[in-house]
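The values are calculated or read from the model by the stated rules, or taken from the named source; none is laboratory data. Given the structure is predicted, the values throughout are model-derived calculations rather than measurements. Cβ coordinates were reconstructed from backbone atoms using ideal geometry, including for glycine residues, and neighbour counts include every protein chain displayed.
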Amino acid sequence: MSFSEWREVKLEDIIEIIGGGTPKTSIPEYWSGSIPWISVKDFNTGYRYVYETEKTITEIGLNNSSTKLLNKDDLIISARGTVGALAQLGRPMAFNQSCYGLRAKEMTTNDFVYYLLKNMIGNIQQNTHGSVFNTITRDTFGILKANLPPLEEQKAIARILSTLDDKIEVNNEINKTLENMAQEIFKQWFVEFDFPNEDGEPYKSSGGEMVESEMGMIPKGWEVSTLKDVINIIDNRGKTPPQEPSKTIYPIIDVKALSGDIRVIDYNNCMKYVSKETYDNWFRSGHPSQGDILLSTVGSLAELKIFMGNTGCIAQNVVALRTKTISNLYLYELLKNIKNDLVSYNIGSVQPSIKVTHIVKHKILIPNNIIVEKFHLFMDEITNEIFIKHNENVLLTSIRDSLIPKLMS
């Protein structure tokens with residue numbers, strides 16, 4: 001297909017732009033229904049598809065507000081504050097006023113428009129308005145132009161790129177399954193106490209001996225301790241390190257990089273960097289080591305990741321927990337399991353915040369070494385597989401992102 005058959009169009013000529021809204025939060029009947037209600041925090045992940053939302057609304061809430069119901073495969077783009085986050089809906093969803101819903105017109109497809117917009121995110125972000133918050137408006141889509149190939153070529157381009165995104169999606173689902181499996185094993189062994197006994201039978205269900213403790217009935221031979229007794233803390237909070245104006249090999253791992261349910265850090269979410277001199281000399285407590293657990297203490301509380309040995313530094317709002325005598329993978333699953341307890345230590349009135357000096361007093365169970373070692377072996381296999389899938393996605397994403405501008409020009 002010849003490039004001469006491509007034509008220049010305004011974005012508003014090829015997409016329908018749909019505004020969102022929020023049902024009144026003061027009316028309980030409008031909320032916690034069966035309709036997903038999406039905001040930027042639900043889809044600012046870098047993934048193509050979004051399937052779940054933190055909040056849901058009812059049919060009554062939908063009908064009595066300015067929000068709209070988007071169709072499966074429609075697009076959602078953030079328009080205010082964090083401008084340019086983009087995703088495609090995996091199911092029908094309503095959405096808030098900080099986003100626009102986008103739907104392809106007859107001369108194009110949602111799949112092609114998704115990749116077209118990904119290729120234009122930089123231009124979109126440069127065409128923002130607002131003195132306080134960066135904002136894109138409907139006028140933005142009338143200003144920006146793009147080259148549109150014939151429909152069949154659009155479909156071919158989208159198919160090529162979708163093949164890569166589909167593989168990324170499969171890997172993401174595998175990793176979600178592995179994370180769920182790890183937490184289920186943890187609960188079975190260390191909450192329900194049905195770890196395998198010496199005969200391979202579930203301990204508690206098979207009549208294993210239980211004894212009283214300050215945390216209730218626990219298996220004989222287990223102990224009650226505190227987080228403080230099993231970890232050292234790497235804590236560089238209090239001051240902000242001097243940052244570099246451009247990307248270096250020394251990223252600052254902040255709260256945003258700890259978001260998501262997968263245990264591997266997403267370095268694409270690291271937006272701040274330091275120099276080698278700062279990395280070597282500024283951080284008083286040092287840097288995370290392989291296997292350390294990173295924990296957020298401000299904003300989105302108790303987000304967790306395992307540091308897998310990549311170069312990186314922590315400062316404001318994140319600490320690293322380094323185990324002394326117990327498995328780091330046991331501790332990671334334990335912290336995931338008690339996340340709500342950790343969040344309950346929140347002392348922030350304006351911005352959520354937890355003090356490390358408070359959470360380290362939290363009581364935890366210390367199983368016997370044999371059980372922890374068996375658990376660690378299971379978790380090590382799961383962690384390695386998650387890491388492999390994550391790294392494969394990093395490569396696939398790089399290939400996709402390098403292809404998009406070539407196929408769009």
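Scanning region 310-349 for residues that are among the small types (G, A, S) and over 19 Å from the mean Cα position of the chain (by Cα), which turns out surrounded by the fewest Cβ atoms within 10 Å (Cβ to Cβ)? I'd like the intermediate steps shown before the answer.
Here is the first cut: in region 310-349, the ones among the small types (G, A, S) are 312, 315, 320, 327, 344, 348-349.
The next check asks that each one be over 19 Å from the mean Cα position of the chain (by Cα); those that pass are 315, 327, 344, 348-349.
Details: A315: 22, S327: 21, S344: 14, G348: 12, S349: 7.
Ranking the qualifying residues of region 310-349, first place goes to S349.
Taking the condition hydrophobic (A, V, I, L, M, F, W, C), modelled with pLDDT of 95 or more, under 19 Å from A182 (Cα atoms) and outside the structural domain of D111 (by TED's automatic domain parsing), does L365 pass? Outline the logic, then answer.
On the way: hydrophobic (A, V, I, L, M, F, W, C): yes; modelled with pLDDT of 95 or more: yes; under 19 Å from A182 (Cα atoms): yes; outside the structural domain of D111 (by TED's automatic domain parsing): yes.
Considered against the rule, which asks whether it is hydrophobic (A, V, I, L, M, F, W, C), modelled with pLDDT of 95 or more, under 19 Å from A182 (Cα atoms) and outside the structural domain of D111 (by TED's automatic domain parsing), L365 comes out as yes.
What residue, of D235, D166, is under 30 Å from I366 (Cβ atoms) and either surrounded by 13 or more Cβ atoms within 10 Å (Cβ to Cβ) or modelled with pLDDT of 95 or more (or both)?
Numbers: D166 fails: under 30 Å from I366 (Cβ atoms).
Of the residues listed, the single one that is under 30 Å from I366 (Cβ atoms) and either surrounded by 13 or more Cβ atoms within 10 Å (Cβ to Cβ) or modelled with pLDDT of 95 or more (or both) is D235.
Kindly indicate whether any position in region 25-45 is within 28 Å of the chain's Cα centre (by Cα), touching a residue at least 12 places away in the same chain (Cβ under 8 Å), on the phi > 0 side of the Ramachandran plot and outside the structural domain of I262 (by TED's automatic domain parsing).
yes
Across region 184-200, what is the number of residues that are surrounded by 14 or more Cβ atoms within 10 Å (Cβ to Cβ) and closer than 30 Å to G46 by Cα?
Final tally of qualifying residues: 2.
Which helices (runs of 4 or more DSSP H) sit wholly inside region 1-81 and have at least 3 residues that are at pLDDT 95 or above and in contact with an Asp or Glu (Cβ under 7 Å, 6 or more places away or on another chain)? Before the answer, list the steps.
On the way: elements: 11-14, 40-43, 59-63.
Once the helices (runs of 4 or more DSSP H) in region 1-81 are filtered for at least 3 residues that are at pLDDT 95 or above and in contact with an Asp or Glu (Cβ under 7 Å, 6 or more places away or on another chain), nothing remains.
Does E12 satisfy the condition of being loosely packed, with under 15 Cβ neighbours inside 10 Å and either closer than 30 Å to L151 by Cβ or assigned by TED's automatic domain parsing to the domain that holds T140 (or both)? Reasoning before the result, please.
Values: loosely packed, with under 15 Cβ neighbours inside 10 Å: no; either closer than 30 Å to L151 by Cβ or assigned by TED's automatic domain parsing to the domain that holds T140 (or both): yes.
Taking the combined requirement at face value, the residue does not satisfy it.
Here is a yes/no grid of residues against (1) of a type in the set (S, T, N, Q); (2) in contact (Cβ under 8 Å) with a residue 12 or more places away in the chain; (3) in contact with a strand residue (DSSP E or B) (Cβ under 9 Å, 6 or more places away or on another chain):
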{"position": "E212", "(1), (2), (3)": "no, no, yes"}
{"position": "P219", "(1), (2), (3)": "no, yes, yes"}
{"position": "T248", "(1), (2), (3)": "yes, yes, yes"}
{"position": "N268", "(1), (2), (3)": "yes, yes, no"}
{"position": "Y273", "(1), (2), (3)": "no, yes, yes"}
{"position": "S289", "(1), (2), (3)": "yes, yes, yes"}
{"position": "S296", "(1), (2), (3)": "yes, yes, yes"}
{"position": "S300", "(1), (2), (3)": "yes, yes, no"}
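List every residue pair whose Cβ atoms sit under 9 Å apart, with the two residues 6 or more apart in sequence or on different chains, where the first one lies in region 350-378 and is surrounded by 15 or more Cβ atoms within 10 Å (Cβ to Cβ) and the second, anywhere, is part of a helix (DSSP H, G or I) and among the charged types (D, E, K, R).
Qualifying pairs under 9 Å: I359/D341; V360/K228; V360/D229; H362/K228; H362/D341; I364/D229; I366/D229; F375/E333.
Return yes or no: is T323 among the β-branched types (V, I, T) and at pLDDT 95 or above? Talk me through it step by step, then tell me what you get.
On the way: among the β-branched types (V, I, T): yes; at pLDDT 95 or above: yes.
So T323 fits the description; yes.
Pick from region 114-144 the residues that are outside any helix (DSSP H, G or I) and under 25 Å from the mean Cα position of the chain (by Cα): which of them is farthest from D73 (Cα to Cα)?
Filtering region 114-144 down to residues outside any helix (DSSP H, G or I) leaves 127-137, 144.
Checking which are under 25 Å from the mean Cα position of the chain (by Cα) leaves us with 133-136.
Values: F133: 28, N134: 26, T135: 24, I136: 22 Å.
Here the answer is F133.
Looking only at region 54-92, how many residues end up being farther than 20 Å from N119 by Cα, crowded, with 16+ Cβ neighbours inside 10 Å and either among the charged types (D, E, K, R) or more than 21 Å from the chain's Cα centre (by Cα) (or both)?
Counting residues in region 54-92 that are farther than 20 Å from N119 by Cα, crowded, with 16+ Cβ neighbours inside 10 Å and either among the charged types (D, E, K, R) or more than 21 Å from the chain's Cα centre (by Cα) (or both) gives 9.
Conditions: (1) buried (at least 20 other Cβ atoms within 10 Å of the Cβ); (2) more than 28 Å from L395 (Cα to Cα); (3) in contact with a helix residue (DSSP H, G or I) (Cβ under 6 Å, 6 or more places away or on another chain). G142 meets all but one. Number of the miss?
G142 satisfies all of (1) buried (at least 20 other Cβ atoms within 10 Å of the Cβ); (2) more than 28 Å from L395 (Cα to Cα); (3) in contact with a helix residue (DSSP H, G or I) (Cβ under 6 Å, 6 or more places away or on another chain) except (1).
What tally of residues in region 145-161 results from selecting those that are buried (at least 18 other Cβ atoms within 10 Å of the Cβ) and assigned to a helix (DSSP H, G or I)?
4
Please go through region 211-228 and give me each residue that is out of contact with any Ser or Thr (no Cβ under 7 Å at 6 or more places or on another chain), outside any loop (DSSP other than H, G, I, E, B) and closer than 16 Å to I338 by Cα, ordered by number.
Of all residues in region 211-228, those out of contact with any Ser or Thr (no Cβ under 7 Å at 6 or more places or on another chain) come to 211-223, 225-228.
After this cut, where a residue has to be outside any loop (DSSP other than H, G, I, E, B) as well, the list is 211, 218-219, 223, 225-228.
S225, T226, L227, K228, listed by residue number.
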